[in-house]
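Written below as structure tokens is the structure these notes are about.
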């Protein structure tokens, strides 16, 4: 008499959600239509004449500026300069993204 085989248990794979390199890879692969100003390090506005205007968002936030006020000011200024702008480069704070996302991910995955 042959005993039925026990089903093989699949091994769990540990996900390291704190790896800075992994976060950079994830952020590069995601389309970002909107980014909360609190997650930005800085932005650079590239103008038609070759001028680059750098805005240090992290410094403004650390200086106590209200994030909504920063966002409103940036949107107003970008709108005013719209005809002179080639593009805008947004630099996201990977550390800040992981601070926000990791607790949410842990909460979602804790019962899995």
- Task: Could you tell me whether residue 88 is free of Cβ contacts under 8 Å to residues at least 60 places away in the same chain and closer than 15 Å to residue 35 by Cα?
- Result: yes
- Note on the structure: Just one listed residue, out of 95, 49, 73, 89, is outside any helix (DSSP H, G or I) and either surrounded by 13 or more Cβ atoms within 10 Å (Cβ to Cβ) or modelled with pLDDT under 95 (or both), and it is 89
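The values are calculated or read from the model by the stated rules, or taken from the named source; none is laboratory data. None of the values given here were measured: they were computed from a predicted structure. We place every Cβ from the backbone using ideal geometry, glycine too, and count neighbours over all the protein chains shown.
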